[in-house]
Amino acid sequence: MISLQELNSVPAPQFVAALSSIFERSPWVPERVAQARPFKSGVALHAALCAAVDGANIEEQLALIRAHPELAGRAAIRGGLTPESTREQQGAGLTACTPEEFARLQQLNGLYTQKFGFPFILAVKGHNRASVIAAMEQRIENTVQHERAVALREIGRIAGFRLVDLVDEPLGSRITSMAEQLARISERQDALVCSYLTCAHRATAALIRDWMLGAGLQVEIDAVGNVIGRWPGAVANAPTLLTGSHFDTVVDAGKFDGRLGILLPIAVIADLRRAGVQLPYTVAIVAFSEEEGVRFKSTFLGSRALAGQFDPATLDSVDADGITLRQAMHTAGLDPAAIPAAAIPTRNLLGFVEVHIEQGPVLLNEDVPLGVVTSIAGSIRCLVSISGLAGHSGTVPMHLRRDAAAAAAELVLAVERCCSSTPGLVGTVGQLQVPSGAMNVIPGRCELSVDIRAASDQVRDTAFAAVTAESERIAARRNVEIQWRKVLDVGSVPCAPKMQQSWADSIARVTGKTEVRRLPSGAGHDAMVMARITDMGMLFVRCGNGGISHHPAETLSTDDADLAACAFKDFLLNFPVSI
Ligand SMILES: [Zn+2]
């Protein structure tokens, strides 16, 4: 391996030589980025190399494609491949084909080369012989132009895998640069939006899958689109420790919410595996596909499926375009009927731990980088629909009106009043709309959301009862109908004391400070769903910029990411297997 720092500082010819194995027999690719040094991270270097390939002319691109060997071709049999290609083809079992498979591959190779004029290229990590043959059969149908683009994309993926094995870099910058790279994939040009099963969401899942493969994990995508990477324990039937977080986002999101809890474990496990560490238990990183509830107004779809708590009625929820969740899953190639089977067996589970940015200002204000979460506040979320009577704003006298928006205004203030008197209790109306409202029309309908949270379920329920009682009074007085639909009702969830202790011990060891900050989480997390099936613990990492989150100004320093990675590594190495 070579350090990123060294790559950034050696003379250009040495830089090109060090990267000679990344793009098959094509030193011109690293040559073109040598002047762009220093690179902030391996991820940034990879992006620059891929951009150089994209920017090359067609002849150069074709030469790069043709520099690759045939998959399972005669060169592989002769032993005429580069060491990298040999290792990769062996990994997919391509050097151990049956005579039938070998014959089929030769036949497909022949047809493919005849049609496209270049060899079939596939990043074989995560593939087996059958899936390689299936991919070949499918891609042979592509147009020449499309297939050239696919081949270049696969070359970029292969380069990414090879770079991870070659470049040594600090974990903190690796983690933050992965988050930055992921944030470039969005539904919107001007803001980060990654909602369930959109194109951006699926591309995000694909990149996370690649990073998991690069870290040496066994990866699968389950029925709801969770990306799960496993690092098997050293012994057969080893128990499993789960970790992870969500990769979907709110609208105009920050880069670290959820994603930190996926990328940090990937970086840490890659590091441990490279160091030759073997753990006595299996670690599974789960990148949950849905937590925020943006598209279908139903939260925690990913963790609910994994915990065996998925409500089939959710499949009929519709998004803003009238597409049902069921349809969206079919379009994405997911099978709703397979959701029950996606539930993880609870036998042999050691627990679930989630690393998350704090999303608040507590650690920042106290100048503490890491904190142990004690419990997650419960919350009730409702969608409220108020029906009055629309009318002409100029002709209907005030005393005869049934104005839905005026009733909504009273309700907003009632929520604020009912939730202001108790510490730790919070109530919010975050959405408020007059559907198809017009300046000269009395609002006949109004829709709003109500979100009430507290660390104590009793406090929260009392506040909710007070708000709904007030809602009935408003409805009677104003002669409007107010309908409440509860979309979420989750009790507060304590973190397992043993998990809290393990996190506290790890934080104390890596910071050298015996006093460890413990704090509750006001925000909901996948961990609260996972707590229904196993012991749960959470690590909070300091959020910069005043603690702002769910916003593009959300930040996390590289140093804090590095320290959190050290704590997570320590946690894994010292985790008591018989918890
Ligand atoms: Zn989150």
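Values for this structure:
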{"read-out": "Of Lys255/Lys486; Lys297/Lys569; Lys255/Lys498; Lys40/Lys255; Lys125/Lys255, pairs whose Cα-Cα distance is over 24 Å", "value": "Lys255/Lys486; Lys297/Lys569; Lys255/Lys498; Lys125/Lys255"}
{"read-out": "Net charge, Gly430 excluded, C-beta distance under 13 Å - Lys, Arg +1, Asp, Glu -1", "value": "-1"}
{"read-out": "Helix 99-116 axis, angle to the chain major axis (alpha carbon atoms, nearest 10°)", "value": "80"}
{"read-out": "Phi to ³J(HN,Hα) by Karplus 6.51 cos²θ - 1.76 cosθ + 1.60 over the stretch 253-266, Hz, x for Gly, Pro", "value": "8, x, 8, 10, 4, x, 4, 4, x, 9, 6, 5, x, 4"}
{"read-out": "All-pairs alpha carbon distance profile, the chain, 10 Å steps from 0, percent", "value": "3, 15, 24, 24, 17, 10, 5, 2, 0, 0"}
{"read-out": "Hz values of 3J(HN,Hα) by residue in the stretch 338-353 - Karplus curve (6.51, -1.76, 1.60), Gly and Pro given as x", "value": "8, 4, x, 6, 7, 5, 7, x, 7, 5, 6, 8, 8, x, 10, 10"}
{"read-out": "Amide H contacts under 5 Å for Arg517, placed H, 5+ residues apart", "value": "Val372"}
{"read-out": "The stretch 52-68 - phi-based ³J(HN,Hα) in whole Hz, Karplus 6.51/-1.76/1.60, Gly and Pro as x", "value": "5, 5, 4, x, 6, 7, 4, 4, 5, 4, 5, 4, 5, 4, 6, 6, 8"}
{"read-out": "Cut-off 19 Å (backbone N to label point 7 Å along Cα→Cβ of Glu31), residues of the stretch 55-75", "value": "55-68"}
{"read-out": "For Ile376, distant residues with modelled amide H under 5 Å away", "value": "Val493, Cys495, Ser521"}
{"read-out": "Stretch gain in nm, segment His330-Phe102, where the contour uses 0.36 nm per residue and the Cα spacing is subtracted", "value": "78.7 nm"}
{"read-out": "Exposure proxy order (Cβ contacts within 10 Å, fewest to most) of Lys125, Lys255", "value": "Lys125, Lys255"}
{"read-out": "Net charge contributed by nearby residues that have their C-beta within less than 12 Å of Gln5 (K/R +1, D/E -1)", "value": "-1"}
{"read-out": "Ranking of Thr176, Thr534, Thr95, Thr346 by count of other Cβ atoms within 10 Å, fewest first", "value": "Thr346, Thr95, Thr534, Thr176"}
{"read-out": "Spin-label pair Glu180/Leu573, simplified geometry with 7 Å Cα→Cβ offset, distance in nm", "value": "2.8"}
{"read-out": "Environment charge at Phe296 (Cβ cut-off 13 Å; Lys +1, Arg +1, Asp -1, Glu -1)", "value": "-4"}
{"read-out": "Long-range amide H partners of Arg259 with built H, under 5 Å", "value": "none"}
{"read-out": "Cβ-derived FRET efficiency at R0 41 Å, Thr395 paired with Arg188, nearest 0.05", "value": "0.50"}
{"read-out": "Lys, Arg +1 and Asp, Glu -1 on Cβ, resulting dipole of the chain about Cα centre, debye, nearest 20", "value": "420"}
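A short reminder: the numbers here are calculations on the coordinates, not readings from a lab. This one's a predicted model, so the numbers in the text were calculated from it and none came from an experiment. Quick reminder, even Gly has a Cβ in these numbers, built from the backbone with ideal geometry, and neighbours come from all protein chains shown.
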